[in-house]
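Read through the structure below, which is laid out as structure tokens, and then see the notes.
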Amino acid sequence: MSPSVWGLGLGVSIGIETGIIRARQKMGRLYIQHLSGEKIYKCKFCKVDSASHDDIVSKDFQGRYGRAYLMKNVVNISIGPKEQRHLTSGLHTVNDIYCSSCQQLLGWRYEKAYEDSEKYKEGMYILEKERTLKDGW
Ligand SMILES: [Zn+2]
């Protein structure tokens, strides 16, 4: 059986080695991206790479679960539907982000900010500190 068939519709984990293909319903084939560098934040639940320390804009954001990171980039995520949400910094359009491997909620993405002072966050991500893992550093 080819790797692309193993996970079809089952959402089963078949390992996180480089190059292994995961397949899910609707999304088609899903590739797990591996980040380079020593300081990588991983999904706490399934330990796939989530973000690089180099992409942190701020460590002083507030998420649902406490402290959160503002990141320029997060990988291995699926993006939920757009939602209007009142955050501590005002009204934003956001999309929740989920680990594409294990489907756990990891934070959200800023789609649109309405205050000029908040516009810089558009396209950036909130990564919940409580849901990430620093592996080996
Ligand atoms: Zn995960």
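Counting only strands (runs of 3 or more DSSP E) that sit completely within segment 14-75, those holding 2 or more residues that are at pLDDT 95 or above and either surrounded by 14 or more Cβ atoms within 10 Å (Cβ to Cβ) or under 14 Å from the mean Cα position of the chain (by Cα) (or both) correspond to 40-43, 49-52, 56-63, 66-71.
Within segment 109-137, being among the hydrophobic types (A, V, I, L, M, F, W, C) and touching a Gly at 6+ places or on another chain (Cβ under 8 Å) holds for Ala113, Ile126, Leu127.
The values are calculated or read from the model by the stated rules, or taken from the named source; none is laboratory data. A quick note: this is a predicted structure, and the numbers were derived from the prediction, not measured. No Cβ is skipped: glycine too gets one built from the backbone with ideal geometry, and neighbour counts run over all protein chains shown.
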